[in-house]
1. Please go through the range 93-110 and give me each residue that is surrounded by fewer than 16 Cβ atoms within 10 Å (Cβ to Cβ) and free of Cβ contacts under 8 Å to residues at least 24 places away in the same chain, ordered by number.
2. All but one of (1) in contact with a strand residue (DSSP E or B) (Cβ under 6 Å, 6 or more places away or on another chain); (2) in a loop (DSSP other than H, G, I, E, B) hold for D69; which doesn't?
3. What number of residues within the range 42-62 satisfy the criterion of being surrounded by fewer than 20 Cβ atoms within 10 Å (Cβ to Cβ) and either touching a residue at least 60 places away in the same chain (Cβ under 8 Å) or assigned to a helix (DSSP H, G or I) (or both)?
4. Would you say A41 is at pLDDT below 90, aliphatic (A, V, I, L, M) and over 19 Å from the mean Cα position of the chain (by Cα)?
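The values are calculated or read from the model by the stated rules, or taken from the named source; none is laboratory data. The shown structure was predicted, so the numbers you read here are calculated from the model rather than taken from an experiment. Because the Cβ atoms are built from the backbone with ideal geometry, glycine has one as well, and the counts that use them run over all protein chains shown.
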Amino acid sequence: MSERSDILTRVEQAIGHRFADRSLLETALTHPSWAAEHEGARDYERLEFLGDAVLGMVVAERLFASFPDTAEGELTKRKIAAVSGQRLARAVRERSIAEAILVGHGERDTGRDKDSILENVAESIIGAAYLDGGLEAARAVVERLLGDLALLDEAPPADPKSALQELTQARGLGLPAYRLVETSGPPHARRFVVEVSVAGDPVSRGSGCSKRAAEKDAAQRALDALASRPDAR
């Protein structure tokens, strides 16, 4: 058995699924930088697209069953926490899957430790498991990676802008829009005020010492406001 085959076997053991078509797993572990350097290689981007959708459905299904009396707003917060990039990256890292990722020269030093790449690989593996073994296989992989969702903290990801975007998209409200409405103070102590709108309606304002900080403050306030209106559309 080749060294690469041994590595794939360890990944299968880590995720709890043995692939009938191992080329799917190989593709799920192939970063675009590697594919660009190796003719004929396929990268994980299409599998990532599929896996993201499957992950969202499996998590929503499990949360719906686990919390029969929980309102939509709270379920959404739990889902956001479950599928956050940080959580997916940690799952890949803790199961030593990162070392199996194929990366090109430009990513060789740090690529296998980037949260963004590890998140993509987690979703790609889920997509690959779905194609290889159907929904039951994908569900088992999600449960192996994420653990017991009933014990998951409800808090959204650390970045409130990402959390707000996920929330508004989950509710079919489109992307949040940020607008700078005020700048004050001397050059060395600027104060920015930003307004965030959802579906064309202003939801909240935030302030900070930079435009980015003000946007985050506005996003967090919007999250709090929307969570209190779970049926908002």
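1. Hits for the range 93-110 are E94, R108, D109, T110.
2. The one condition D69 does not meet is (1).
3. Count: 10.
4. No.
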